[in-house]
């Protein structure tokens, strides 16, 4: 099973968050297949490029060599349906989160995240820390 790394997890690893560091060690020990959904890559690098300097260098090291999980037409359809379904129940979901969730769902990945909002998405396998 591929573990898709969410933006919150990547940021927490960079910031030295204890729970994220422990989760990263567990995933390494399990020799888990780790990948980055394309929407996460864009969101993560947006912040990293803005911060620049050593933060950007460390961010690039963190994602170096990781496979990128593509966001395709089917992911877009799933993202749109997710947001519409949640809105019909009076709940909101940022588009970027819908894109991340749909990518993990479409590619049958476990999403590694510190964002508890993902737990309300039906069918999405989530591991937190």
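Only the coordinates and a few stated rules stand behind these numbers; no lab work does. Just so it is clear, the model here is predicted, and its values are computed rather than measured. Here the Cβ is made from the backbone with ideal geometry for all residues, glycine too, and neighbour counts use every protein chain on show.
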Legend entry - Computed E for residue 57/residue 91 - FRET, C-beta separation, R0 35 angstrom, nearest 0.05: 0.35
Inset, instruction - Please tell me the relative contact order of region 82-129 in percent, rounded to the nearest whole number, where contacts are Cα pairs under 8 Å and at least six residues apart. - result: 30 percent
Legend entry - Helix 38-51 axis, angle to the chain major axis (alpha carbon atoms, nearest 10°): 50 degrees
Legend entry - Computed lengthening from residue 49 to residue 28, 0.36 nm per intervening residue step minus Cα-Cα distance: 4.9 nm
Inset, instruction - Just subtract the alpha-carbon distance of residue 67 and residue 1 from 0.36 nm times their residue separation and send over the number in nm, one decimal. - result: 22.4 nm
Inset, instruction - For the chain, set up a Gaussian network in which alpha carbons nearer than 10 Å are linked by springs, and say which option among 101, 20, 32 fluctuates the most. - result: 32
Inset, instruction - Using only Cα atoms, tell me the angle between helix 95-106 and the longest principal axis of the chain; keep it within 0 to 90° and round to the nearest 10. - result: 90 degrees
Legend entry - Within a Gaussian network of the chain (alpha carbon springs, distance under 10 Å), most fluctuating of 37, 94, 70: 94
Inset, instruction - Report, in whole Å, the centroid distance computed from the Cα atoms of region 60-129 and region 1-33. - result: 16 Å
Inset, instruction - Please order 69, 11 by the number of other Cβ within 10 Å, starting at the fewest. - result: 11, 69
Legend entry - Gain in span if fully extended, residue 115 to residue 77, counting 0.36 nm per residue against the direct Cα distance: 11.4 nm
Inset, instruction - Report the residue, chosen from 48, 21, 29, that carries the largest GNM mean-square fluctuation when the chain is represented by alpha-carbon nodes joined by springs under 10 Å. - result: 29
Inset, instruction - Could you tell me which of rounded, prolate or oblate describes region 42-118, using a ≥ b ≥ c as the square roots of the eigenvalues of the alpha-carbon gyration tensor, with rounded for a/c under 1.5 and, failing that, prolate when a/b is larger than b/c and oblate otherwise? - result: prolate
